[in-house]
Amino acid sequence: MPFDEKLAERVRGALRRQPGIEEKKMMGGLTFMVGGKMCVGVLRGDLIARIAPEDHESALQRKGCREMDFTGRPVRGFVFVGPEGTGADEGLRSWIALALDFNERAKSSKKKRERSRALSRGARLQRAE
């Protein structure tokens, strides 16, 4: 089972009023993009939250939270949150709120920015013709 469908459905419900949501299967799980940027995801039974790097250490003190070490090395600004931290709706909503707060300030991936620039450049060239 790549990701917990019930947790994914709860995340969908928590994000339903958020504009610009896109779901992508990624890293063996499901990622929720907000405004073209990874915000939260579900991998097996865990929530993945992209949070502000300055909040990383304090987040690790919260119930059910641990470092995201998907590649074998911890990734600052990303955490896994197990069922102990997301089992109650309030817990899940608080993690999603933390991720959404950072999402407003987060930068898009370099790949996404380059593709966007290329598309803009192509549109300018078409207009010039």
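None of the figures in this text is laboratory data; all of them are computed from the coordinates on show. All of these numbers come straight from a predicted model, not from anything done at the bench. Positions of Cβ are generated from backbone atoms using ideal geometry, with glycine treated the same way; all protein chains shown enter the neighbour counts.
Structure summary
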read-out: Residue within segment 56-72 that is in a strand (DSSP E or B) and under 13 Å from LEU98 (Cβ atoms) present; value: yes
read-out: From the options CYS65, CYS39, residue that is at negative phi, in contact with a helix residue (DSSP H, G or I) (Cβ under 7 Å, 6 or more places away or on another chain) and touching a residue at least 60 places away in the same chain (Cβ under 8 Å); value: CYS39
read-out: Residue check, GLU23 part of a strand (DSSP E or B) and surrounded by fewer than 17 Cβ atoms within 10 Å (Cβ to Cβ); value: yes
